[in-house]
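*Asks:* Take a look at the following structure, please.
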Amino acid sequence: MHMFAGAQVSLYPMTDGFVDVILSSLNALDPWRNQLRIETDDISTLIVGPPEVLFPALRDLYASAAATGTHVVLRTTLSRGCPGEPDDPICQTGALANPEEPLASRQQSALAAIAATPEKGQVADVQFSLYVMGAGDHMAEIVGCIDFLKQSGTFDRSKNFCTRLTGDAGPVFATLQQAFCQFGPPNGHVTIDLTVSANSPSKR
């Protein structure tokens, strides 16, 4: 299936040399560029493409920035199926859940995908919220997602309005991808509000 799926991404390095960190990190998107549509302005970069490309690209962007040793924050709003956006052929995907698949089997598929994910060698500390829009039983999907997150191996803790994840960037971004793809209606509007932090001095 295809729909409009993408992310508005901003990278904030806490250093005087922020331009170099941003520009060098953007090179990590190069292997993915032919499968994505990327548009940058002075506030954010729009990255449009299927989730199975979008999340690894975000992971590599983050891991490259984190590898500089600088305190960096990646702020991202992800959306799929937004009714105000046209379907985009570049977003052809097989990653979204089958609408007939029961919640429990979607949770198991999601856990299997994380278990098969290699590590990247950079720690990712994440705070995110999943929003399921439109008709249907939102809370059943969100509670099902939280149950999955608690079994994911990347779960840190619940907070008001959001969930904390921590661990290697490979499994952490795989967890986010599964939350995005396996929960909420496959043709519906689902968004994630995401903050990822690396090398924070307050953790030392």
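The values are calculated or read from the model by the stated rules, or taken from the named source; none is laboratory data. These numbers were taken from a predicted model, which means no experiment stands behind them. Positions of Cβ are backbone-derived with ideal geometry, glycine not excepted, and every protein chain shown enters the neighbour counts. These accessible areas exclude ligands, DNA and RNA; they are computed on the full protein's heavy atoms, side chains included. Shrake-Rupley method; radii C 1.70, N 1.55, O 1.52, S 1.80 Å.
*Asks:* If you scan the stretch 122-150, which residues turn out to be small (Gly, Ala, Ser) and either free of Cβ contacts under 8 Å to residues at least 12 places away in the same chain or at negative phi (or both)? Steps first, please.
*Replies:* Filtering the stretch 122-150 for residues small (Gly, Ala, Ser) gives 124, 129, 134-136, 140, 144.
Across the stretch 122-150, the qualifying residues are Ala124, Ser129, Ala135, Ala140, Gly144.
*Asks:* Let me ask another. Considering only residues that are part of a loop (DSSP other than H, G, I, E, B), surrounded by 11 or more Cβ atoms within 10 Å (Cβ to Cβ) and not acidic (Asp, Glu), which ones fall in the stretch 84-101?
*Replies:* Looking only at the stretch 84-101, we keep the residues that are part of a loop (DSSP other than H, G, I, E, B), and these are 84-88, 92-101.
Next, from what is left, pick out any that are surrounded by 11 or more Cβ atoms within 10 Å (Cβ to Cβ): 85, 87-88, 92-93, 95-98, 101.
If the condition is that a residue be part of a loop (DSSP other than H, G, I, E, B), surrounded by 11 or more Cβ atoms within 10 Å (Cβ to Cβ) and not acidic (Asp, Glu), then Gln92, Thr93, Ala95, Leu96, Ala97, Asn98 are the ones that fit.
*Asks:* Let me confirm something: among Pro56, Pro31, which residue is surrounded by fewer than 21 Cβ atoms within 10 Å (Cβ to Cβ) and under 20 Å from Val190 (Cα atoms)? Reasoning before the result, please.
*Replies:* Numbers: Pro31 fails: under 20 Å from Val190 (Cα atoms).
Checking each option against the conditions leaves just Pro56.
*Asks:* Here's another thing I want to ask about it. Those residues that are basic (Lys, Arg) and either more than 16 Å from the chain's Cα centre (by Cα) or under 14 Å from Phe173 (Cβ atoms) (or both), I need them from the stretch 19-78; list them, please. Full working, then the answer.
*Replies:* Residues of the stretch 19-78 that are basic (Lys, Arg), as a first pass: 33, 37, 59, 75.
Matches in the stretch 19-78: Arg33, Arg37, Arg59.
*Asks:* Among the numbered conditions (1) modelled with pLDDT under 95; (2) part of a strand (DSSP E or B), tell me where Leu78 comes up short.
*Replies:* Of (1) modelled with pLDDT under 95; (2) part of a strand (DSSP E or B), only one is false for Leu78: (1).
*Asks:* Scan the stretch 26-54 residue by residue and report those that are over 18 Å from Leu176 (Cβ atoms) and in a helix (DSSP H, G or I).
*Replies:* Scanning the stretch 26-54 gives Leu26, Asn27, Asp30, Pro31, Arg33, Asn34, Gln35.
*Asks:* Continuing with this model, one more query. Within 17 Å of the chain's Cα centre (by Cα) and open to solvent by 70 Å² or more (accessible area, probe 1.4 Å): does that describe Gly81? Break it down stepwise before answering.
*Replies:* Numbers: within 17 Å of the chain's Cα centre (by Cα): yes; open to solvent by 70 Å² or more (accessible area, probe 1.4 Å): no.
So Gly81 does not fit the description; no.
*Asks:* Here are the criteria: (1) buried (at least 16 other Cβ atoms within 10 Å of the Cβ); (2) under 30 Å from Met139 (Cβ atoms). Tell me which single one Ala63 does not satisfy.
*Replies:* Here Ala63 meets the rest and fails (2).
*Asks:* For Gln108, which of the numbered conditions (1) open to solvent by 80 Å² or more (accessible area, probe 1.4 Å); (2) in a loop (DSSP other than H, G, I, E, B); (3) within 24 Å of Phe148 (Cβ to Cβ); (4) not small (Gly, Ala, Ser) fails to hold?
*Replies:* Every condition holds for Gln108 apart from (2).
*Asks:* Please work out if Arg106 is of a type in the set (D, E, K, R) and within 17 Å of Asn187 (Cβ to Cβ).
*Replies:* Values: of a type in the set (D, E, K, R): yes; within 17 Å of Asn187 (Cβ to Cβ): yes.
Yes; evaluated as a whole, the condition is true for this residue.
*Asks:* Scan the stretch 141-194 for residues that are aromatic (Phe, Trp, Tyr) and either in a loop (DSSP other than H, G, I, E, B) or open to solvent by 10 Å² or more (accessible area, probe 1.4 Å) (or both) and report the count. Give the derivation first.
*Replies:* Here is the first cut: in the stretch 141-194, the ones aromatic (Phe, Trp, Tyr) are 148, 155, 161, 173, 180, 183.
Filter once more, so that each one left must be either in a loop (DSSP other than H, G, I, E, B) or open to solvent by 10 Å² or more (accessible area, probe 1.4 Å) (or both): 155, 161, 183.
So the answer is 3.
*Asks:* Among what's in the stretch 114-164 and is hydroxyl-bearing (Ser, Thr, Tyr) and within 15 Å of the chain's Cα centre (by Cα), pick the residue that is farthest from Glu52 (Cα to Cα). Walk me through how you get there before you give the answer.
*Replies:* The first filter runs over the stretch 114-164 and keeps only residues hydroxyl-bearing (Ser, Thr, Tyr), leaving 117, 129, 131, 152, 154, 158, 163.
Next, from what is left, pick out any that are within 15 Å of the chain's Cα centre (by Cα): 117, 129, 131, 152, 154, 163.
Working: Thr117: 12, Ser129: 19, Tyr131: 19, Ser152: 18, Thr154: 19, Thr163: 22 Å.
Once the filter is applied, the top-ranked residue is Thr163.
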